[in-house]
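A quick write-up on the structure given underneath.
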Amino acid sequence: METFLSQLIFGLQRGTIYALIALGYTMVYGVVRLINFAYGEVFMIGAFVSFFLVNAVSLPQPILVVLALLVPMVTCSLLGLAMDALAYRPLRQKPRLAALITAIGVSFFLSNFVSYSSGETVRSSAVASFLLAGFLILYVLGVKVLNFPVKATPNFKPIKFLIPTVSLLLIGYIFWISKDLLTELRWKGSSFASYPVDRLIVIEKIPLYKSVYITNIQIMNFVVSVLLMVVLSYLVNRTMTGMAMRASKNNKDAVALMGVNVNRIISVTFIIGTALAGAAGVLSAITYPRLTAFMGVQPGLKAFIAAVLGGIGSIEGAMLGGIIMGVAEQFAIGLLPSSYGPSRIDFTPLADGVAFAILIVVLLLRPQGIFGEPPREKL
Amino acid sequence: MSMLEVQDLEVSYGAIRAVKGISFTVEKGEIVTLIGANGAGKSTTLRTISGLLKPQRGKILYQGQDITELPPHRIVELGINHVPEGRGIFTNLTVWENLMLATYTRKDRSRIQEDFEQVFTIFPRLKERSSQSAGTLSGGEQQMLSVARALMTKGEVMLLDEPSMGLAPVLVDEIFRILREINRQGKTILLVEQNAYRALEIAHRGYVFETGNIVYAGTASELQNNEAVKKAYLGG
């Protein structure tokens, strides 16, 4: 009973992290019918951005906790916007397979980019980002103040340059604060970084029932995930943008005929999905502080399976699927003999297989998932 | 200045030319109908006006403004509402949400409640079902919802693509009665119909399409009495 309860707590924690990533998969799929395989990498980048920030900035703990969560979310949503604009939007009218393969490419690119970056390359990237931002600012000033070049003036809207400039500054800043740390770590593809959890929070165990306890980190994890999911449900169910998002699942042409800029809705979907994956990365890094360039691969795949299990396209499905997946996996870890046991052989890595076993069973018995609609016959 | 003016419009799907250089106008307050057989290019024309398709050649002017290159959502903002073929209902949203989404471009948020009331007086069935999923509506009710949505958007011009398709004759009567009523209240209507007989009953003018070209144009009564049109489209 006690083991059951503590495994359940750990499983739920794992599950909420999967659920947050799965939401990204399912929302983007709902609107553009694309499996954006790069969420695992967004998750990883979220963890790293938080890592650099927490190491580089010294602020009172409560503020730092909030920033450690918010800055990665914002950075990841900018990454999501860029991903959509550069990789997927040009392929929107092309066969879906093209976008799918591109998504796999984006995913490989991001993990390898992090694995091959070093103090030196990151420093140059920071300089490049600042220079570009500076160029944009000068350009806007040039047009506004000097009226140069004259031809561009009539339809010129400085506001359009705000988001790219701020993004470049933020990204440059993150590169800049990470360069010394990377040099210090002698970062290589195979290396790992330890997330400085103690700078954020002192781990406390709160006893619940006999030997069962919950940590303050787990509580924070649950509070943040539930909060994010509540905000998401409000956004999707109660706002105009959310309505347009759900309608796009059904008929994108008709959404455009309602006067909705469908590309903007797609961008918002990417922003939300990547922000959630970034948050999941931070939450995960606080619990499992070992960061590597490829730390997102497994969670990314499992969250995808969670989304399929819940019914891809369904938001409730992604939440439930993630939780089921996390709990199932944690119980498998608990039940399998570990190297500390009598067998002296560690079987716990087999728990990774649980996710794929679930995938196979779902595909065989209910391919549309728990909340998915059965595929409709086209007449 | 015409409400809507199409000049020398040519639209292709890949190598197939669906519309081959047509021109026509719609004046303020008119009901104009485009009639003709399946595949004559009527729907393609509507989809090009509302920006879902881009023409190879030609121009579309709305109140004198060139809208040919604008994306669909900008064209809706300017005041053209398209009630698409097959109704384009969001079956996973409620009836109320369908109507609400149609107000997306509107700035006068405070007037929306009023317009809901007004639309519900025209379509009482939709009021009864406003919290139901739109997928549970019958074909006729879905068509009503599609027209009601266009009313909620409050444009100047309404484009309708085959509103009578798949409906029982009683419901077709009902839809056409409502269209005439909406037109009396000042809305300009461009109506695409295969049911040429019914369309000409309510239209002021009409254009007859044949394989991507306009072959006849005239007032509704001229077309109703034209021997060739009668033979081909009005059943003798």
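The values are calculated or read from the model by the stated rules, or taken from the named source; none is laboratory data. Computed from a predicted model, the values in this text were never measured in an experiment. Don't worry about glycine lacking a Cβ; one is built from the backbone with ideal geometry, like all the others, and counts go over all protein chains shown. Accessible surface areas use protein heavy atoms only, side chains included; no ligands, DNA or RNA. Shrake-Rupley method; radii C 1.70, N 1.55, O 1.52, S 1.80 Å.
Below, the figures for the structure above:
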item	result
Wholly within segment A:1-87, helices (runs of 4 or more DSSP H) carrying at least 3 residues that are under 14 Å from residue A:275 (Cα atoms), touching a Pro at 6+ places or on another chain (Cβ under 8 Å) and of a type outside the set (Phe, Trp, Tyr)	A:39-56
Scope segment B:157-176; condition open to solvent by 60 Å² or more (accessible area, probe 1.4 Å) and modelled with pLDDT of 95 or more; matching residues	none
Whichever residue in segment B:88-117 is open to solvent by 70 Å² or more (accessible area, probe 1.4 Å) and without any contact (Cβ under 8 Å) to a residue 12 or more places away in the chain and, among such residues, is farthest from the other protein chains (Cβ to nearest Cβ)	B:117
Count - residues of segment A:245-269 that are of a type in the set (A, V, I, L, M) and either facing another protein chain (nearest Cβ under 7 Å) or touching an Asp or Glu at 6+ places or on another chain (Cβ under 9 Å) (or both)	8
Which listed residue, of B:218, B:186, is more than 23 Å from residue B:138 (Cα to Cα) and assigned to a loop (DSSP other than H, G, I, E, B)	B:186
Residue list for segment B:192-212, filter: β-branched (Val, Ile, Thr) and open to solvent by less than 10 Å² (accessible area, probe 1.4 Å)	B:192, B:208
Residue satisfying condition, being touching a strand residue (DSSP E or B) at 6+ places or on another chain (Cβ under 7 Å) and either open to solvent by less than 50 Å² (accessible area, probe 1.4 Å) or among the aromatic types (Phe, Trp, Tyr) (or both), within set A:291, A:359, A:276	A:291
Residue count for segment A:180-212, restricted to those that are modelled with pLDDT under 85 and part of a helix (DSSP H, G or I)	6
Among the candidates B:74, B:47, residue that is surrounded by fewer than 21 Cβ atoms within 10 Å (Cβ to Cβ) and assigned to a helix (DSSP H, G or I)	B:74
Any hit, segment B:67-76, residues being under 24 Å from residue B:167 (Cβ atoms) and at the interface with another protein chain (Cβ under 7 Å from one of its Cβ atoms)	no
